[in-house]
Amino acid sequence: MPPFKWYRKAVRHIQARRRFVALGLICMTLGIASAERSGLAVAAPELSTALNLGPSDLGWLFSAFSWTYVVAQIPAGLLVERFGVRPIIGTGLAASALCSLLVALAGAPALVAHSWGLILAARLLLGISQSPLGGSSGMVLATWFPKQERGVAGAVYASMPYFAIAIFNPLLAWVVNHLGWAMSFVVLAFLGVMGSAIWSSVFRTPQQHKHLSAKEKRLLTSGGALWGAPKTERVSPPGGASEDTPLTAGSNTNSLISDLRQLFSQQLFRGLVVAQYAIASITWFFLAWFPAYLVHDMGLTLAEAGALSAFPAIGGFIGGTVAGVFSDALLRRTHSLNVARKTPVYIGMGLVIAGFLACLFTRDPTLIAVFMTIAFFGKSVGTMIWTLVSDLAPANRVGLTGSVVNAFTNLSGIITPIVVGYAVAIYGNFDLALGVVAAHAALAIAMNVWVMGHLQRMPDLKAPEPRPAS
């Protein structure tokens with residue numbers, strides 16, 4: 001092949017499939033965000049010794065991220081619908097880098113007396129800075145992907161926390177061991193700055209993309225992608241005006257209270273948020289406590305725990321990708337959204353229950369690695385959250401719906417780390433915590449079987465009836 005011919009061919013291939021560039025970018029943002037969330041868990045064994053923090057102290061710090069993350073979800077969703085995903089996500093990534101630097105400063109000798117408060121403040125601010133990711137991801141998948149590809153895209157996106165952990169946990173553990181725990185947060189700050197620059201300079205919506213091919217546009221519009229949704233997204237008007245032109249008027253005139261009332265009036269939506277809460281609790285055990293579990297109950301060193309934690313993370317990433325392919329194949333074969341989206345949940349949560357309960361009967365680190373890899377493979381198989389948001393959200397409020405689901409889902413990030421911390425402090429090991437996590441998987445199955453019912457896109461949210469003039 002002549003020099004550079006392969007390069008030109010690759011460029012043409014990418015240009016014909018720009019939706020996968022968008023997927024790669026939104027996955028990058030979640031990967032960096034996941035590394036920032038789990039960075040404290042990796043540093044916790046060394047950090048807790050240096051700062052004299054106990055399990056309950058760590059539980060509150062792990063949980064603090066979700067306090068503001070949950071509260072900020074709905075405002076973040078409204079901001080995303082108002083200003084668009086590109087500026088909001090770019091700003092959030094840059095702000096998250098500052099939060100990592102604040103944690104690093106907590107190790108300075110002059111600030112050690114206030115270190116717990118500084119880390120708490122940094123985790124609270126991190127929750128705010130990362131809050132737009134929920135609504136944005138559902139919006140990107142709904143606008144950039146046709147229905148028949150959305151399962152794979154959503155599953156790949158949902159599996160990114162595990163991919164990030166598999167890559168960054170061993171790296172951060174090495175940094176902690178050789179350079180100190182504070183330097184690990186400097187590394188995370190650098191990742192945040194780089195991610196913000198790449199996202200802001202590359203990402204565009206389909207409507208903004210000047211070089212979107214006619215073939216790909218037809219695929220999106222004919223395949224159920226929400227072309228033009230949300231209607232408040234930034235679009236360059238005719239005449240070549242800047243994409244920073246003020247927003248076009250949107251069609252969403254509802255009050256927030258009216259929107260929320262309509263969403264929660266639907267049994268499908270109520271079942272969805274409870275199921276996703278239960279599934280996210282499994283994730284939060286892994287993000288917050290898994291390295292500490294390996295050090296505390298298995299007697300591993302931090303370096304060994306960081307390396308071993310990569311295996312369940314890899315299993316989670318593979319599980320998410322397999323789930324997307326499997327779910328979309330079921331959709332093509334059965335033409336049933338119920339079969340395609342619920343079957344992975346049943347299989348995946350069954351594996352989670354089996355894996356976590358099996359860990360109660362061994363203290364062999366190799367067997368623990370095997371059982372946890374099976375469990376987190378299953379957890380990722382059963383995580384269809386952003387595929388479901390893209391499939392089921394009212395077409396006129398995708399961003400808000402994604403943010404509401406993400407807010408209730410991440411209540412688990414407030415509750416689970418604290419519950420696990422106190423369970424370990426009181427019980428003396430992680431056995432009770434493992435049983436609690438397995439029970440959450442059973443709850444997710446119950447919601448899908450008995451509450452959610454038939455899966456279909458929820459109707460557009462309606463504006464309140466005008467009051468008659470007095």
Filtering region 263-272 down to residues that are open to solvent by 10 Å² or more (accessible area, probe 1.4 Å) and in a helix (DSSP H, G or I) yields PHE264, GLN267, LEU268, ARG270
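Checking the structure you have, find out if any residue of region 396-411 is of a type in the set (Lys, Arg), over 17 Å from the mean Cα position of the chain (by Cα) and open to solvent by less than 60 Å² (accessible area, probe 1.4 Å). First the steps, then the outcome.
As a first pass, look at region 396-411 and keep what is of a type in the set (Lys, Arg): 397.
Checking the rest, the ones that are also over 17 Å from the mean Cα position of the chain (by Cα) come to 397.
From what's left, open to solvent by less than 60 Å² (accessible area, probe 1.4 Å): 397.
Looking for residues that are of a type in the set (Lys, Arg), over 17 Å from the mean Cα position of the chain (by Cα) and open to solvent by less than 60 Å² (accessible area, probe 1.4 Å), one finds at least one in region 396-411, hence yes.
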query: What about PRO230, is it surrounded by 18 or more Cβ atoms within 10 Å (Cβ to Cβ), at pLDDT 75 or above and not in a helix (DSSP H, G or I)?
result: no
Given the conditions (1) aromatic (Phe, Trp, Tyr); (2) open to solvent by 10 Å² or more (accessible area, probe 1.4 Å); (3) touching a Pro at 6+ places or on another chain (Cβ under 8 Å), every one holds for TYR162 apart from (2)
The condition from (1) over 20 Å from the mean Cα position of the chain (by Cα); (2) surrounded by 14 or more Cβ atoms within 10 Å (Cβ to Cβ); (3) farther than 25 Å from THR321 by Cα that ILE426 misses is numbered (2)
*Check whether at least one residue in region 451-467 is under 21 Å from the mean Cα position of the chain (by Cα) and modelled with pLDDT of 85 or more, and report yes or no.*
no
Residue hits (region 308-322; at pLDDT below 85 and among the hydrophobic types (A, V, I, L, M, F, W, C)) are PHE317, VAL322
Please verify whether ALA108 is open to solvent by less than 50 Å² (accessible area, probe 1.4 Å), modelled with pLDDT under 85, at negative phi and out of contact with any strand residue (DSSP E or B) (no Cβ under 6 Å at 6 or more places or on another chain), treating the condition exactly as stated. yes
ask   = Is at least one residue of region 45-55 under 23 Å from ASN410 (Cβ atoms), in contact (Cβ under 8 Å) with a residue 24 or more places away in the chain and surrounded by fewer than 20 Cβ atoms within 10 Å (Cβ to Cβ)?
value = yes
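Every residue, every condition in (1) at pLDDT below 80; (2) buried (at least 24 other Cβ atoms within 10 Å of the Cβ); (3) at positive phi, yes or no:
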residue	(1), (2), (3)
SER137	yes, yes, no
LEU141	yes, yes, no
ARG150	yes, yes, no
PRO170	no, no, no
GLY180	no, no, yes
SER184	no, yes, no
MET194	no, no, no
Quick count over region 46-58, residues being at pLDDT 85 or above and in a helix (DSSP H, G or I), is 8
All-but-one check, VAL80 against (1) among the β-branched types (Val, Ile, Thr); (2) under 22 Å from PHE190 (Cα atoms); (3) open to solvent by less than 10 Å² (accessible area, probe 1.4 Å), failing number (2)
The correct count of residues that are closer than 30 Å to VAL140 by Cα and surrounded by 24 or more Cβ atoms within 10 Å (Cβ to Cβ) in region 352-390 is 17
Part of a helix (DSSP H, G or I), under 23 Å from TRP284 (Cβ atoms), open to solvent by less than 10 Å² (accessible area, probe 1.4 Å) and among the β-branched types (Val, Ile, Thr): is that true of ILE119 in this structure?
yes
Residue count, region 7-26, condition open to solvent by less than 50 Å² (accessible area, probe 1.4 Å) and either under 17 Å from VAL140 (Cβ atoms) or at pLDDT 75 or above (or both), comes to 7
Considering residues that are outside any helix (DSSP H, G or I), of a type outside the set (A, V, I, L, M, F, W, C) and surrounded by fewer than 24 Cβ atoms within 10 Å (Cβ to Cβ), the number found within region 290-349 is 5
### Query
Do we have any residue at all in region 383-403 that's touching a Phe, Trp or Tyr at 6+ places or on another chain (Cβ under 6 Å) and in a helix (DSSP H, G or I)?
yes
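Taking the stated definitions as given, is THR29 polar (S, T, N, Q), at pLDDT 90 or above and over 30 Å from GLU304 (Cα atoms)?
Values: polar (S, T, N, Q): yes; at pLDDT 90 or above: yes; over 30 Å from GLU304 (Cα atoms): no.
Spelling it out, it is not the case that THR29 is polar (S, T, N, Q), at pLDDT 90 or above and over 30 Å from GLU304 (Cα atoms).
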Those residues of region 323-372 that are at pLDDT 90 or above and acidic (Asp, Glu) come to a total of 1
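Yes or no: SER201 polar (S, T, N, Q) and open to solvent by 10 Å² or more (accessible area, probe 1.4 Å)?
When the stated conditions are applied, SER201 passes them.
The values are calculated or read from the model by the stated rules, or taken from the named source; none is laboratory data. Not measured: the values here are computed from a predicted model. Virtual Cβ from ideal backbone geometry, glycine too; neighbours counted across all protein chains shown. With ligands, DNA and RNA removed, areas are computed over all heavy atoms of the protein, side chains included. Shrake-Rupley method; radii C 1.70, N 1.55, O 1.52, S 1.80 Å.
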